[in-house]
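Readers should treat all values here as calculations from the given coordinates under stated rules, not as data from a laboratory. Given the structure is predicted, the values throughout are model-derived calculations rather than measurements. FYI the Cβ positions are ideal-geometry reconstructions off the backbone, even for glycines, and counts take in every protein chain you see.
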Amino acid sequence: MQRFLIYHWSRWHNTFDFEKSEVDKIKPLIQKFEDYCIPKQNTTMQRYKFNKRVQSETESVDQYVTELRLLAKNCRFGELEEELIRDRINCGIKADRLQARMLREDNLTLDKSISICKADEESRKQLKDLTKDDSFKVSSVKKSSRKGNIESRPAKFGREKQKISSSGSSEVIKCSKCGRDHPSKQCPAYGKVCHACRKLNHFAKCCRSRKVHGIDQMHTDPDILFVGTVDKKPEQSTKTELTKDECFITLEVNETPIKFKVDTGSQANIIPMSMYRELKGPKEPIQASRTSLTSYTGDKLNLVGKCTLKCMNRRPNFFVSETDQYPMLGIQASQELDIIKVVMSTNKELRRS
C-alpha cells in the first residue's frame, strides 16, 4: 500500500509547477497536494446552503453553531466569517423570543450571541424538569388517595372532604361551591357573588337555587324565589315601559329598534330568528352552541345558535330561538346596559330585654 501511494505521489509531484521561491519548501508542497486531491467547491452553492441553514427542532445550540462553522469554512467569508455566523444564528434560531432579544443588544458579538442562546436553552430544560416533578407529585397524590384508607363523610352543600392516610395531615376537598378540587379554606368562590341568585360564596355553575331561562346543568329549587327591584333609567335612545308585573324597553340593536322584555330572573338574552333577519347593518353570523335553555315550565327552547350584536355601544351575546316570542334581556345584560340595578338590603330586628 505504501509503495502504491509513493508511486502515485511521485507522479503527481512531477506534474506540479513551483516558483523559484517555493522550491524545497513544505507549505507550498502541501498546498499543491490539497489543490490536487480536494475537489474545488462552488462558493455560491456553499453560501446558499449556509444562508438557508436553520436550527431544527431536535438540534441543540452547540450542534447548530458547529454546523454553521463547518459550512462557513467553504464560503470564503474571510474577516466577516464571525459576523456572518452571528447573523445566521440570529435569523435561524428556533426561539422567536431570542431573535427579539438579540436584536435589542448593542454591539452583539458571536460569543455573546451563543451565550444568550445557551442560557435560554438551559433555562428551558430546567423548567421542563420542574414541570415533570410537579406532575409526578400530583399523580402520586391521586394514586395514594385511591390506595390509602379514605375517611368519607356524607355529602353536604359546600364541600366533600377526603382524608389521605399516607401523611395523616393532607386533605383533598371536592368543593361544591366552586366545582373544583382545592386545599381546605382556599375556595376561589369565597366572597364572590353568584350571578344566578345574587348570594355570596359560590359560583353560578354550582348554584342550587331555581334558574329561569338558565342552563340545564344547574339544579333547581322551587322553594326559592327571586325578588328584584327594577329602576327606570331613561336614555335618549331608549324607551322604558314599566307595568305592574313586567318591564319592557326599546333598544337599538344593529341600528334596528327592538322592544325587549326585561327579565331579571333570566341568565340569557334571547332574540327570535324572525327579528334577527330584520336587523340592519353588518351583523355577525350565528354560531352553533351546546348551551341548552329552559322556560318557566321546564320546557327546552329550540335554538338556532348564538351571536354577538351591537346594543348601546356594547356587544352582548344573544341566543337565537326558532320560535317567535318576545325578545328578552337577562339579568347580566340589563345591568351592563344600566337598564336595571339590583338593590339588596338586610333588615335586623333588635330586641332589648
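Key figures for this structure:
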read-out	value
Relative packing of 253-259, 286-292, 333-339, 265-271, which averages over residues the other C-beta atoms within 10 Å, highest first	265-271, 333-339, 253-259, 286-292
Using a Förster distance of 45 Å, the FRET efficiency for Thr256-Ala100 (Cβ separation, nearest 0.05)	0.45
Cα-projected label distance for Asp129 with Val54, points at 7 Å along beta-carbon direction, nm	3.0
Label point at Asp120 placed 7 Å out along Cα→Cβ; residues across the stretch 56-80 whose backbone nitrogen lies under 20 Å	56-69
Gln186-Thr44 pseudo-label distance in nm [points 7 Å out on the Cα-to-Cβ vector]	6.6
R0 of 56 Å, Cβ-Cβ distance Asn302-Gln63: FRET efficiency to nearest 0.05	0.40
Linear extension gain, Glu171 paired with Lys112, 0.36 nm per residue minus alpha-carbon span	16.3 nm
